[in-house]
Amino acid sequence: MKPEKIQPNPLALIPLAVFLISYLAVSLAAGDFYKMPITVAFVLSSVVAVWMSKGGGLHSRIELFCKGAANSNIMLMVMIFILAGAFAQTAKAMGAVDATVNLTLAILPGNVLAAGVFLAACVISVSVGTSVGTIVALTPVAAGLSAQTGISPALMSAVVVSGAMFGDNLSFISDTTIVATRTQGCKMSDKFKTNVSIVMPFAVLTTIIYVLIGSGAQSAFVTGDIHWIKVLPYFIVLAAAVMGVNVMVVLLGGTVLCGLIGLLTGAFDVWGWTTSMGAGINGMGELIIVTILAGGMLEMIRYNGGLAWIIQKMTARIRSRKGAELSIAGVVSFANLCTANNTIALIMAGPIAKEIAQRFHIAPNRSASLLDIFSCFVQGIIPYGAQLLMAASLSGVSPVGIMKYLYYPYLLGVGALLAIWLGFPRTHSQPAADGAMEA
């Protein structure tokens, strides 16, 4: 069957403009990026998308919107979000987060405290798959260490945020990883290997910087008991994901393992387990709603020629793969600046990036890696993002004060640009066949 020919049409982007005005402009006017619920902004833009779309009567346009919302990639993301929420909350209720914090703090070298906290945040964020969760768990500890050692609280907060963004970019259960790989159609393990090659040297460089800045401070904290069995699910989930096991199997198995350990250790009973899973799933509600609405809205924009117009303009002067990769970086960075949410930015930029990647023969894991890296880079440095706002609130310093010590996010952005310029790493997976998906 011959694919439909869609003519570029800038007017099809009006729903996106409605979203930006209703969310970005209203938030700026209110002085609070969380005053306007992002779900409401997407509802408004979705209504406009259906109202102004071509494609027949109202019933036909609504069907087209639902087709986009129920796209197989969207539904796969929703299922993974559900399982990730159940796993993360069960692990937290079982005590895995506290056990991981205690373990990482217990092995910190006392005379390089800032670097040690950075490494602790890296380990925790990779394990739990959420930068905000890592910041919530570790910032109070870092603030206490700052008060006891004399290290700047802004520096210690930045150390935690930097480590949190490391894991947000690499964790297999991070929503950014899930969205980046789903929209590009690649395996998580392939994207992980590409990401590690790019970011690891700069994580090491960041550690050295924090060693030099924080040297001389003595450790002055007392860790709790280390329960090795409670850390076990994170190690198993990470190992299974690296080996390429289906992510839904990994998350389901991790949830069951956390539940069994929780029952054996008395952390909760059966009903406590089910309550934890329910709370984790419910906690993903806003993200699931936004994902579905964004899928429908983007399908309307695509159908009416909006994506074709963006791609035409962005690729008009591109003559190389490097230029195409810079375009992918630019799209997701702009979306992230507008939404202050790297997951939502990836949902919006993913389809555009895939079109560009296919046109210029960029491997799916390469485009997924660039999307995730640049979204985490931007999210990690904007003072109105959840990460910096949360860290500032917990440590009692301003987001702007934290920004000057965010060495890892800055190096992450520089490193990604160098990777594009040098074409590094040179080994990539082959583009997936049309319609091929790996859950």
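Would you mind estimating how fast region 29-102 diffuses translationally, via Stokes-Einstein at 20 °C and 1.002 mPa s with the Kirkwood radius over Cα pairs, in µm²/s? The partial results should precede the final answer.
Details: Rh = 16.0 Å.
The diffusion coefficient I find is 134 µm²/s.
Given the convex hull of the Cα atoms of the chain, what is a quarter of its surface area in nm²?
It is 21.1 nm².
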**Asked** Relative to the Cα centre, what is the charge dipole magnitude of the chain, using +1 at the beta carbon of each Lys and Arg, -1 at the beta carbon of each Asp and Glu, and rounding to the nearest 20 debye?
**Response** 1320
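Can you give the helix-only mean residue ellipticity at 222 nm for the chain, where every DSSP H stretch with n ≥ 4 adds -39500 (n - 2.57) and the sum goes over all residues, rounded to the nearest 500 deg cm²/dmol?
Values: 22 runs with 324 residues, N = 439.
Mean residue ellipticity at 222 nm (helix-derived): -24000 deg cm²/dmol.
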**Angstrom value of the Kirkwood radius, inverse mean 1/r, which spans all Cα pairs in region 348-418** = 13.6
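Mind pulling the per residue volume of the convex hull built on the Cα atoms of region 253-336? Å³ is fine.
On the way: hull volume 12.9 nm³, N = 84.
Per residue, the Cα convex hull of region 253-336 comes to 153 Å³.
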**Prompt:** region 228-275 to region 9-49: how many Å between their Cα centroids?
**Reply:** 38
**Asked** By how many degrees, between 0 and 90 and to the nearest 10, does the Cα long axis of helix 306-315 differ from the longest principal axis of the chain?
**Response** 70
**Request:** Mind pulling the angle between the C-alpha long axis of helix 38-52 and the longest principal axis of the chain? Nearest 10 degrees, somewhere in 0 to 90.
**Result:** 10
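Using only Cα atoms, figure out Rg for region 60-163 and give it as a multiple of 2.2 N^0.38 Å.
Values: Rg = 18.9 Å, N = 104, 2.2 N^0.38 = 12.8 Å.
Cα-based Rg divided by the globular estimate yields 1.47.
With a cut-off of 8 Å between alpha carbons and a minimum separation of six or more residues, what is the relative contact order of the chain in percent? Walk me through the numbers on the way to the answer.
Numbers: 746 pairs, mean separation 118.1, N = 439.
Here the relative contact order equals 27 percent.
Between Ile318 and Phe334, what length comes free when the chain is fully extended (0.36 nm per residue of separation minus the Cα-Cα distance, one decimal in nm)? Present the calculation step by step, with values, prior to reporting the outcome.
Values: separation 16, 0.36 × 16 = 5.76 nm, distance 1.84 nm.
Stretched fully, the Ile318-Phe334 segment lengthens by 3.9 nm.
Given a 1.4 angstrom probe, what's the average accessible area per residue across region 368-419, in square angstrom?
Values: 1550 Å² over 52 residues.
Solvent-accessible surface per residue comes out at 30 Å².
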**FRET efficiency estimate (nearest 0.05) - Cβ-Cβ, Met79 to Leu264, R0 45 angstrom** = 0.95
**Asked** Could you give the nm distance between label points at Thr275 and Thr39, where each point is 7 Å from its Cα heading toward the beta carbon?
**Response** 2.3
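The values are calculated or read from the model by the stated rules, or taken from the named source; none is laboratory data. On a predicted model such as this, the values are computed, not experimentally measured, just so you know. With ideal geometry, Cβ positions are generated from the backbone for all residues, glycine too; neighbour counts draw on all protein chains shown. Calculation scope for accessible area: heavy atoms of the full protein, side chains included, ligands and nucleic acids excluded. Shrake-Rupley method; radii C 1.70, N 1.55, O 1.52, S 1.80 Å.
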